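**Student:** First the structure, which I've put down as structure tokens, then a few questions once you've had a look.
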Amino acid sequence: HEACQAVITQRHENDLGNYRDQGFTRASVLVLLPTRGACHRFVNNLTSSLGVTVAKDYGERFDEEYGAPTEDNDAENIDILASPQGDDGGQALTAAKKAARRKSVLKQKGASWLELFGDDVNKDDDFKIGIALSPRMGTDSPRDCMENEEGGLQVANEGSTVSVKLYTDFYKSDIIIASPIGLKMSVAPDEESHEENAGSADFLSSIEICYLGRADVLLMQNWDHVNDVLSHLNKQPKSNNDTDFSRVRGYLLDGRAESRRQLIMCTEIMDPCHNSTFKQFARSISGSITMRKRVNSEAAITNNVLLPLRQVFQRVNCPTLATKSDAKLQYFMKTLLPQMQRMNQKHTLIFVPSYFDFCSLRNAFLRKNVQFVSVTEYSRGTEVSRGRARFLQGRKPIMLYTGRCHFFHRHTIKGARHLIFFGLPEYPEFYSEHLNNLNHTDVDDDDADTSVAMTSCLALFTKYDAHALERVVGTANCKRMVGGQKSTFMIYS
């Protein structure tokens, strides 16, 4: 009798297990993107691949909130449609010249910058949107309509097997698309809110696929937000949320959801922060794989330098990763700065990829009473213009320029004769761009000292900068420069 009862119980459990096909909440896919413009492209590609057409009214709402910003809302846009007659003729001509000038300047910033921050792209980095996918209800009907509870209407075309809803509540969504900062703010505790799920991250408890698009841009924004969001994934929910626990998958109930989650990270550059996050949060029982592109010597970015120049790479020895910044700062202040002061070297541009390194270098300059100007991502427009003018005219011999500032604004720094990379840039094209701009000095000969008759370039690196170094000099040269006995290397262009 006991044996028969055990068999019956086992069959009952097996039958029950066949119906465990749900999670704690509905959302199973999380997509992290840097800007609303990237979200707009992602959703359009999704609906296009599914053969779904968004209803006109709500398609216009999505295009208005995530598509190209209108001219009325863009303070930097210039109205070139003014009347060419009467008293407004001169103003229309001036506006047209300004618009043409602006278009020319933006074109010089490059296609990669225009894709993220151009006038026809929404660059807002605070957003979040839910998407619900549902099977078509009537296969005999040529078109199926589904009414969103919040008013969003989506239409599935003939031949499509799924219907899509936008702007759905996260607890009723299959896909959540958000920026790290937007999602982080939604799960942050809100003491003033009286809503039931305010500040709750329960909608992230059953995520099966987490996709990070353009992780290199997310790194430039604030990578800590990405880590904070990933730390909220697949936690046990704090509320019931109307969950039918008899249908929840067993590994979710056992707290092993992380072992079944896929983490997909796509980036144009490889950075130690990416590797650290991937190793920390990619815990799938199926293992992990990392694919990266090796850089041949012929494809190294040093081959794109057009100016005849001797490029010097100086390796700074440091025992640990934690002492990397201090080691470079000590080398610069004790070795490079005295040489610059002894030679009365002017027109020196110092490129600092990390803002923390910039703060350390700036404070050291202030303690030594070194004359310099700085251009950072936090500088106002007037500060940038004033600093660039003083550096170009030679009134300030040194300019500190941060990597994130160049990423977001792509300033062309004129007047530089000497270039020092306090660290190699994350994007290799930044290296060749700055070296090629050394030829665009626009400095009067009377102001130039004898030491700037020739341009120079010096790049500092450590063994922990191998990823950035590889993109600049190539894989083979990187191995030799990082692991070799010599600490100084020269490349001629």
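**Student:** Order the following by accessible area, largest value first: E470, E208. Probe radius 1.4 Å; ligands, DNA and RNA are ignored. Walk me through the numbers on the way to the answer.
**Tutor:** On the way: E470 20, E208 65 Å².
Ranking E470, E208 by accessible area, largest first, yields E208, E470.
**Student:** I need the calculated FRET efficiency for the pair Q371 and M490, taking r as the beta carbon distance and R₀ as 35 Å, to the nearest 0.05.
**Tutor:** 0.75
**Student:** A further question on this structure: Radius of gyration and Dmax for region 233-317's Cα atoms, expressed in Å?
**Tutor:** Gyration radius and largest Cα-Cα distance of region 233-317: 22.4, 72 Å.
**Student:** Sort region 223-379 into rounded, prolate or oblate with this rule: let a ≥ b ≥ c be the square roots of the eigenvalues of the Cα gyration tensor; rounded if a/c is under 1.5, and if a/c is not under 1.5, prolate when a/b is larger than b/c, oblate otherwise.
**Tutor:** It is prolate, given that a/c is not under 1.5 and a/b is the larger ratio.
**Student:** Okay, which of region 451-487 sit inside 14 Å, backbone N to the point 7 Å along the Cα-Cβ direction of S297?
**Tutor:** 473-481, by backbone N distance to the label point.
**Student:** Taking the Cβ of I269 as the centre, find all other residues whose Cβ is under 9 Å away and add up their charges (Lys, Arg: +1; Asp, Glu: -1).
**Tutor:** -3
**Student:** Can I ask one more? I'd like the accessible area for K184, computed on protein heavy atoms only with a 1.4 Å probe and all protein chains in place. Round to 10 Å², please.
**Tutor:** For K184, solvent-accessible area is about 60 Å².
**Student:** May I ask you to list the residues of region 228-254 whose amide nitrogen lies under 17 Å from a point 7 Å from Cα along the Cα→beta-carbon direction of D169?
**Tutor:** The answer is 238-244.
**Student:** Which is farthest toward the positive dipole end of region 302-436 among L307, F407, L424, measuring Cα position about the Cα centre, with Cβ charges +1 (Lys, Arg) and -1 (Asp, Glu)?
**Tutor:** Projecting each Cα onto the dipole axis, the largest value belongs to L307.
**Student:** On a 31 Å Cα-Cα criterion, which of the cross-link pairs K396/K486; K107/K334; K334/K463; K324/K346; K235/K328; K123/K368 come out too long?
**Tutor:** The answer is K396/K486; K107/K334; K235/K328; K123/K368.
The values are calculated or read from the model by the stated rules, or taken from the named source; none is laboratory data. Since this is a predicted model, take the numbers as computed values, not measurements. Note that we place each Cβ from the backbone using ideal geometry, even for glycine, and neighbour counts take in every protein chain shown. Each accessible area value is taken on the protein alone, full model and side chains, heavy atoms only, with ligands, DNA and RNA left out. Shrake-Rupley method; radii C 1.70, N 1.55, O 1.52, S 1.80 Å.
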